[in-house]
Structures are given as structure tokens and as C-alpha cells.
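*Asks:* Supplied in C-alpha cells, the structure appears directly below.
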């Protein structure tokens, strides 16, 4: 299969709300009041976590199928902490984004913990969003004014 | 301000669909048919792009306010390409995720291109999602079976 292209295009509605489309799907982003928004949608970093969860789910099933593992249920909890000081311009010492992302994968299956441990190792290695977050991804921003 | 915690928790509905919650907001993720899904929601990497767009929007306004720049309109187009070979287990040569992300920021404002160029430099530096994608972010995955 050749390269796949994905896009998202949209416009700012105000200082915290942004609405755009990925194909025919509309996605709205806002901030909670503590970050200056009106809380009309999930915030940007919550979508980062959702993106990671959805990607782990897809790759979980692909690798399970290859290995004849039956997934009976799969739940994923994700948590990330960030210090808003850099984002808000108060202190440039810390990084702007999540310091790390903690993921708990709750799985019921028909195989041993040892088989699952190797399954998880491969899922992480082949998950596109894990790759983009865990490793450097060039972000090229062009300004058109 | 102390660290802020963000979470997303959900469960797999099938091999491509995952539904979870960030606070009270439900977010559904699926894949298009070409990637084995039923196309009921945006896919994981489309949410990655939306997350980045929403974050750039928020930081754009924060930095503009600090510099007395009036943003009259702001549109953002994002595009990412990935080779699905690693994700699908066909070839482990290339990276799993986006090779890079191309962002076009269309802005109308009351300042010169030179002022905007420096504004954009700072926006990128302080944007949490740009940071998490552009730089290494530890992803700690715990398996509970």
C-alpha cells in the first residue's frame, strides 16, 4: 500500500474554540474555563489522548489477529500531566506539553500474561500515534498572511 | 499554576471503533473502510491533526494578546502522510506514524509579516501539542489482564 494522506482543515471561532473537518467529520475543540474557554468541546490535549487510545485499539486487534489471540474486552485509561507555565508564558523552564503519558490497558483474552506482554510490545512499536508522540515528528508550519 | 491533569477513558467497541470520555465529552474513533473500519467517526491520526490545530489556535490568541496583535481571522489546514506498512505488519523499514506534519496558518491581522513571523515562532515554541509531537514524549503502558 502506498502512503496514506490525512487532513484536517478548519477555522478559529474565538480565542479557544476551533472547528474543522476531517473528511466529512466535524471536530470541535475548546478549553475549560480554567484555561479561558467556554467548555463547549474537549480540549486539544484531551484529543491527543483520545487519538492515542483509538490507535492502540486498532493495532491491538491487528496484532492479536496475527497471533490468534482472542480479545474478549479491551479498556484503555490514559492520563497526562502538563505544567501550563510555558503555554501561558509565565515560565519557560519546563516543556510545554505532557511530561509523559500514562496508559493502562485492561484486557481480557484467551492467552497467558507472557503472550500478552509480547503482544503489547509489538502493538506499541507499530502504533502510528505512539510513534508520533514518543519520537520526534517534524512539524512544518507555513504562515500565509 | 500547578500541573494540570487530563484524562481519557474508554472501551473498544470492535476492532476499529473505540469510544471514551474526556470529562463529560464523549469522543468516538473509527477507521475508514480502506483501513478495515466502518467509518463511523474520524480516525486516530485525524484526531492527532485536530488536536494540533486546536492547540495552535489557543496559543495563537494568547501570544497575540501579549503582543497587542489583533487576529481578524485564523484558518488552519493540516496534512500528514504515513506509510501503513509497519502499522499493518508488512514491512518494518519505515516509521509507523506521520513522517511529518505540514501546517498552513492563514491569518488576517493588523501587523506586518515580520511581526507575524516572530509571533509564529513563539506560538510553536509554547504550543503543548506541537511540543508533544515534535519532541520525545515518554509513553508508559501498563498491561492489566
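*Asks:* Using alpha carbons only, how many degrees (0 to 90, rounded to 10) separate the axis of helix B:113-126 from the longest principal axis of chain B?
*Replies:* Compared with the principal axis, the helix lies near 40 degrees.
*Asks:* Here's a follow-up. By count of other Cβ within 10 Å, fewest leading, how are B:51, A:109 ordered?
*Replies:* A:109, B:51
*Asks:* Grab the alpha carbons of the protein assembly as shown, take their convex hull, and tell me the volume per residue in Å³.
*Replies:* Value for the protein assembly as shown: 119 Å³ per residue.
*Asks:* Please tell me the relative contact order of region A:1-42 in percent, rounded to the nearest whole number, where contacts are Cα pairs under 8 Å and at least six residues apart.
*Replies:* Relative contact order for region A:1-42 comes out at 27 percent.
*Asks:* Could you calculate the FRET efficiency of residue B:104 with residue B:125 from 1/(1 + (r/R0)^6), where r is the beta carbon distance between them and R0 is 25 Å, rounded to 0.05?
*Replies:* Values: r = 19 Å, r/R0 = 0.75.
Computed FRET efficiency for residue B:104 and residue B:125 comes out at 0.85.
*Asks:* What nm distances, shortest first, do you get from the label point of residue B:115 to those in the other copies when the point sits 7 angstrom along Cα to Cβ?
*Replies:* 6.5
*Asks:* Another question, if that's okay. Give the nm distances, rounded to one decimal, from residue B:38 to the matching residue in every other copy, measuring between label points 7 Å along Cα toward the beta carbon; shortest first.
*Replies:* Residue B:38 label point versus its equivalents elsewhere: 3.4 nm.
*Asks:* Same structure again: Report the relative contact order of region B:43-134, percent, no decimals, based on alpha-carbon pairs under 8 angstrom and at least 6 residues apart.
*Replies:* Numbers: 102 pairs, mean separation 32.3, N = 92.
Contact order relative to length: 35 percent.
*Asks:* So how do B:18, B:87 line up by other beta-carbon neighbours within 10 Å, fewest first?
*Replies:* B:87, B:18
*Asks:* Can you figure out the FRET efficiency of residue A:117 with residue B:136, using R₀ = 22 Å and their beta-carbon distance, to the nearest 0.05?
*Replies:* Numbers: r = 23 Å, r/R0 = 1.05.
Efficiency at R0 = 22 Å is approximately 0.40.
*Asks:* Would you calculate, for the protein assembly as shown, the mean residue ellipticity at 222 nm contributed by helices, counting each DSSP H stretch of 4 or more residues as -39,500 (n - 2.57) and dividing by all residues, to the nearest 500? Numbers along the way, then the final one.
*Replies:* Numbers: 6 runs with 88 residues, N = 290.
Calculated mean residue ellipticity at 222 nm is -10000 deg cm²/dmol.
*Asks:* Within 10 Å of each residue's Cβ, count the other Cβ atoms and sort B:31, A:46, A:125 from fewest upward.
*Replies:* Listing B:31, A:46, A:125 from fewest to most nearby Cβ atoms yields A:125, B:31, A:46.
*Asks:* Tilt of helix B:44-66 relative to the longest C-alpha principal axis of chain B, in degrees (0 to 90, nearest 10)?
*Replies:* Rounded to the nearest ten degrees, it is 20.
*Asks:* For region B:43-134, what is the convex hull volume of the alpha-carbon atoms per residue, in Å³? Before the final figure, lay out the partial values.
*Replies:* Working: hull volume 8.5 nm³, N = 92.
It comes to 93 Å³ per residue, whole-number rounded.
*Asks:* Please report the orientation-averaged projected area of region B:1-41, defined via the convex hull of its C-alpha atoms, in nm².
*Replies:* Averaged projected area of region B:1-41's Cα convex hull equals 3.7 nm².
Read-outs throughout are calculated quantities, based only on the coordinates presented, and are distinct from any laboratory measurement. Computed from a prediction, not measured in an experiment: that's the story for all the values here. Note: ideal-geometry Cβ built from the backbone for every residue, glycine included; neighbour counts use all protein chains shown.
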